[in-house]
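The values are calculated or read from the model by the stated rules, or taken from the named source; none is laboratory data. These numbers come from a predicted model, not from an experiment. Cβ sites come from the backbone with ideal geometry, for glycine too, and all protein chains shown count toward neighbours. Quick note on the areas: whole protein, heavy atoms, side chains included, nothing else; ligands and nucleic acids left out. Shrake-Rupley method; radii C 1.70, N 1.55, O 1.52, S 1.80 Å.
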Amino acid sequence: MVKKVSLTLGALLLLFPTMALAAPSTEMLDIGLNSLWVMLAAVLVILMQGGFILLEAGSTRMKNAGHVAGKTIFTFGLGSLIYWAIGYGFAFGGDGNLFIGLGDFFYNPPVLYEGEAGGLSSPIFFVFQLAFATISLTIAFGGFAERAKLSSYMIFTVVYIGIIYPIVAHWIWGGGWLAEDGAQDFAGSTVVHLSGAIAAMAATILLKPRIGKFNKDGSANDIAGHNQVYTALAVLLLWVGWFGFNAGSTVAVGDGFFGYVAFNTQLAAGAGAVAALLITWMVLGKADIVTMLNGALAGLVAITASCAFVEPWAAVVIGLIAGVLVFGSQKFFEKMKVDDPIFALSVHGAAGIWGTLANGFFATPELAETAGVGKAGLFYGGGAGQLWVQFESVVVCGAFVFVASFIVLAIIKAVIGFRVTEEQEIIGLDLSEHGTYGYPEQMKKAAQQNLNS
């Protein structure tokens, strides 16, 4: 016990050197512990990028694997610079209004903590919010998969991280007009996931399906990902990272509420996985692993908005519905001839909408008061008021992101081109965009076999 206390105090002294000059007060300990927890949560969310690398690489073909991994790291780096320069200011700048934040551009935080007792270190809050913004961007890039030019990733990163995402974040999290209305989106079913999915939808519409995805009669061909083990490992990494996503959004440890949020998160994820596997087993006669994995993610996406507002039984229901919804959504988009290689529209879009609306049904008055946002849902005597606010946030944010993303991507398509050529797509983006292979031995061997045959 003494050793644990000593290690904790040592970590706090590294974070806040002024504590070494005086005995730490309760307020200083609160600040240090909150900052340490949110920094840990930010690291977990950033590590989710690794999960998305494996998810996208495993869900696509071998000839694009290196491209998937490399562009994710590059856009995370570029997105960090853009968010520092302008994105954070538009989201959380203190001189703005109900529609957009202003100030704090090229953000220069104080070196030492200068806020109120029990608060949070400013640069740590920035890193935490940056992690969320770049996850939303990565979700959006699911709609680009296997057919978009690298240059389009670069340009869209600048606009999405710099303007589109921060405006939505300001509306709900930065004191904007939806926050004033009482929109409940604790960790981002709408702000992060729906926004990313809607941007992905704009991309898939403009890019059109991959070569060979649909036949002339409208039937779809299965373009299987090259590594299902990667996909399963990706889901596990994302699942773990989600505890930083949801529980970290409490931005405090003192009252232990983050544990309750984590508890609900786990229940919904498990329910989503179970429901998705069972529905495929019932409908298809086989338990489809890919849909089951997407069901787990759908449960996580859905509970992201409601993890702090609902009771455990409701978290299970939210996850179960998300698991079934993701299966039906995948079939719907395929029937509509929308090529969604990473299932971003189903996992993050359909489940994000459901998760946001779920608060309008299941939010309890006690938890709404604890979270400090909105009112009770329909099933807890709150009437339809909160449900309307949740619906409003889905429609308005979704419409804004779609229109803005579509315009930006349409300009890219008209000016420099959005999609690679047919020849480049066939040989793969590893070779056509980067001049090398993600799997050089396997791909060179396959090419040699083709020449010999």
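When Thr304 is tested against the conditions (1) open to solvent by 20 Å² or more (accessible area, probe 1.4 Å); (2) in contact with a His (Cβ under 7 Å, 6 or more places away or on another chain), the lone failure is (1). Collect the residues in region 61-97 that are under 16 Å from Ala140 (Cβ atoms) and either touching a Gly at 6+ places or on another chain (Cβ under 6 Å) or among the aromatic types (Phe, Trp, Tyr) (or both), keeping them in residue-number order. Across region 61-97, the qualifying residues are Phe74, Phe76, Ile82, Tyr83, Gly87.
Gly175 meets all of the listed conditions (1) in a helix (DSSP H, G or I); (2) open to solvent by 10 Å² or more (accessible area, probe 1.4 Å); (3) of a type outside the set (A, V, I, L, M, F, W, C) but one, namely (1).
Screening the candidates Leu98, Leu130, Leu78 for the property of being assigned to a loop (DSSP other than H, G, I, E, B) and open to solvent by 10 Å² or more (accessible area, probe 1.4 Å) yields one hit, Leu98.
Here is a yes/no grid of residues against (1) open to solvent by 80 Å² or more (accessible area, probe 1.4 Å); (2) modelled with pLDDT under 95:
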site	(1), (2)
Ala414	yes, no
Glu423	yes, no
Leu431	no, yes
Gly438	no, yes
Lys444	yes, yes
Ser453	yes, yes
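Quickly run through region 367-385 and pick out the residues that are within 23 Å of Phe258 (Cα to Cα) and either assigned to a loop (DSSP other than H, G, I, E, B) or among the hydrophobic types (A, V, I, L, M, F, W, C) (or both). If the condition is that a residue be within 23 Å of Phe258 (Cα to Cα) and either assigned to a loop (DSSP other than H, G, I, E, B) or among the hydrophobic types (A, V, I, L, M, F, W, C) (or both), then Leu367, Ala368, Ala371, Gly372, Val373, Gly374, Lys375, Ala376, Gly377 are the ones that fit. Only one of (1) closer than 20 Å to Ala363 by Cα; (2) out of contact with any helix residue (DSSP H, G or I) (no Cβ under 7 Å at 6 or more places or on another chain); (3) of a type in the set (Phe, Trp, Tyr) is not met by Phe332, so which one is it? For Phe332, the exception is condition (1).
Yes or no, residue by residue, for (1) touching a residue at least 40 places away in the same chain (Cβ under 8 Å); (2) more than 16 Å from Ala197 (Cα to Cα); (3) open to solvent by 40 Å² or more (accessible area, probe 1.4 Å); (4) among the β-branched types (Val, Ile, Thr):
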{"site": "Phe105", "(1), (2), (3), (4)": "no, yes, yes, no"}
{"site": "Ser121", "(1), (2), (3), (4)": "yes, yes, no, no"}
{"site": "Ala140", "(1), (2), (3), (4)": "yes, no, no, no"}
{"site": "Leu150", "(1), (2), (3), (4)": "yes, yes, yes, no"}
{"site": "Tyr153", "(1), (2), (3), (4)": "yes, no, no, no"}
{"site": "Phe156", "(1), (2), (3), (4)": "yes, no, no, no"}
{"site": "Pro166", "(1), (2), (3), (4)": "yes, no, no, no"}
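Kindly indicate whether any position in region 275-286 is free of Cβ contacts under 8 Å to residues at least 12 places away in the same chain and part of a loop (DSSP other than H, G, I, E, B). Yes: region 275-286 contains one or more residues that are free of Cβ contacts under 8 Å to residues at least 12 places away in the same chain and part of a loop (DSSP other than H, G, I, E, B).
Conditions (1) open to solvent by less than 10 Å² (accessible area, probe 1.4 Å); (2) over 21 Å from the mean Cα position of the chain (by Cα); (3) modelled with pLDDT of 95 or more, marked per residue:
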site: Val347; (1), (2), (3): yes, no, yes
site: Ile353; (1), (2), (3): no, no, yes
site: Thr356; (1), (2), (3): yes, no, yes
site: Leu367; (1), (2), (3): no, yes, yes
site: Thr370; (1), (2), (3): no, yes, no
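Residues checked against (1) open to solvent by less than 10 Å² (accessible area, probe 1.4 Å); (2) of a type in the set (Lys, Arg); (3) over 20 Å from Val45 (Cα atoms):
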position: Gly162; (1), (2), (3): yes, no, no
position: Trp171; (1), (2), (3): no, no, yes
position: Ala183; (1), (2), (3): yes, no, yes
position: Ser189; (1), (2), (3): yes, no, no
position: Ala197; (1), (2), (3): yes, no, no
position: Leu207; (1), (2), (3): yes, no, yes
position: Lys213; (1), (2), (3): no, yes, yes
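Any residue that is of a type outside the set (S, T, N, Q), crowded, with 22+ Cβ neighbours inside 10 Å, touching a Lys or Arg at 6+ places or on another chain (Cβ under 6 Å) and touching a residue at least 40 places away in the same chain (Cβ under 8 Å) - is there at least one of those in region 372-381? No - not one qualifying residue is present in region 372-381. Against the test of being of a type outside the set (Lys, Arg) and surrounded by fewer than 22 Cβ atoms within 10 Å (Cβ to Cβ), the options Ala57, Ala91, Ala69 yield a single qualifying residue, Ala69. Among the residues of region 215-231, those that are open to solvent by 40 Å² or more (accessible area, probe 1.4 Å) and closer than 16 Å to Leu297 by Cβ comprise Gln228, Tyr230. Consider Leu320 carefully, then state whether it is touching a Pro at 6+ places or on another chain (Cβ under 9 Å), more than 18 Å from Leu194 (Cβ to Cβ), open to solvent by 10 Å² or more (accessible area, probe 1.4 Å) and modelled with pLDDT of 95 or more. So Leu320 fails the test.
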